[in-house]
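The values are calculated or read from the model by the stated rules, or taken from the named source; none is laboratory data. Bear in mind the structure is a predicted one, so any value in this text is a computation, not a measurement. Cβ sites come from the backbone with ideal geometry, for glycine too, and all protein chains shown count toward neighbours.
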């Protein structure tokens, strides 16, 4: 199969990784159209040894595209999504615009690939913290039903974008030179260098942020557990790539620790890295650049009757975004759903 593929947001942080992952995985690209805003039109990007000129996203540029990957603003997704469908293509969206639409599946192929069978032209990938979380919860719930999930995240600045990463670097450079650290620009309400910020996205009336709401709602939708008790606290930390999550899971019945280990080992796309005696556990640095998710520090939670505590990590630009999108494309091809 040879596809005409368009990438909206090709010059962003996720777009850059998308091109690298697509080439690494030999995704069947026949014609590649790199699209962005008018500011980026004319730039040249490399793919598979060729230079491709970035075009401004337009109706004409989407005509004839079999598959459109969109990593842009929600406004862009909402604007271009219907046009992709009208032109006969399928859009895989990296943003939150469509995630809770009842006719749009939110997919992690290793967990709920079957949901691709009912797509209507738009498929969403989850938030970059939701993806590793559901990859851990999915095999464990086969051992015992889930009763409650508590997640505390440690999220890298590239979750906000390349410009936020540049802001962190500038602040750290100033600190290294013993200069006054520049005031935060438009990305965070407080300095991110040498700091952690317990706010990712805007606050709602209930005190939870939009990011925390996304994790709860997307986890429920992916796992098909609409009433799963779930609470998250999402925190931005001064790392560049890689989101970590401390997870407390309470189950409705007994769960054996050794059986849990075996289930996690067997889960496709997930690596159990749990060797505390030798300081062995996943971190953003030792998992950066990998297409999978990782879990470690697995232990019994003694504060509840049936509980486990664990730590999971994934590269937010790869499995948290670009890789998951490409895997959805691969699964669509395998299922004949393009």
Exercise. Given region 220-338, what strands (runs of 3 or more DSSP E) lie entirely inside it while holding 1 or more residues that are more than 22 Å from the chain's Cα centre (by Cα)?
Worked result: 243-251, 293-300, 307-314
For this session: Might you let me know whether region 193-207 holds any residue that is surrounded by 21 or more Cβ atoms within 10 Å (Cβ to Cβ), outside the structural domain of residue 104 (by TED's automatic domain parsing) and under 23 Å from residue 95 (Cα atoms)?
Result: yes
Problem set entry | Lone qualifier among 292, 307, 269, 280 - being touching a strand residue (DSSP E or B) at 6+ places or on another chain (Cβ under 8 Å) and surrounded by fewer than 16 Cβ atoms within 10 Å (Cβ to Cβ) | 280
For this session: From the list 309, 304, 247, pick out the single residue that is closer than 24 Å to residue 159 by Cβ, in the same structural domain as residue 211 (by TED's automatic domain parsing) and out of contact with any helix residue (DSSP H, G or I) (no Cβ under 7 Å at 6 or more places or on another chain).
Result: 309
Problem set entry | All positions within region 151-167 that are more than 18 Å from residue 315 (Cα to Cα) and in contact with a helix residue (DSSP H, G or I) (Cβ under 7 Å, 6 or more places away or on another chain) | none
Exercise. Quick one: how many residues across region 1-22 are more than 25 Å from residue 58 (Cβ to Cβ) and at pLDDT 95 or above?
Worked result: 2
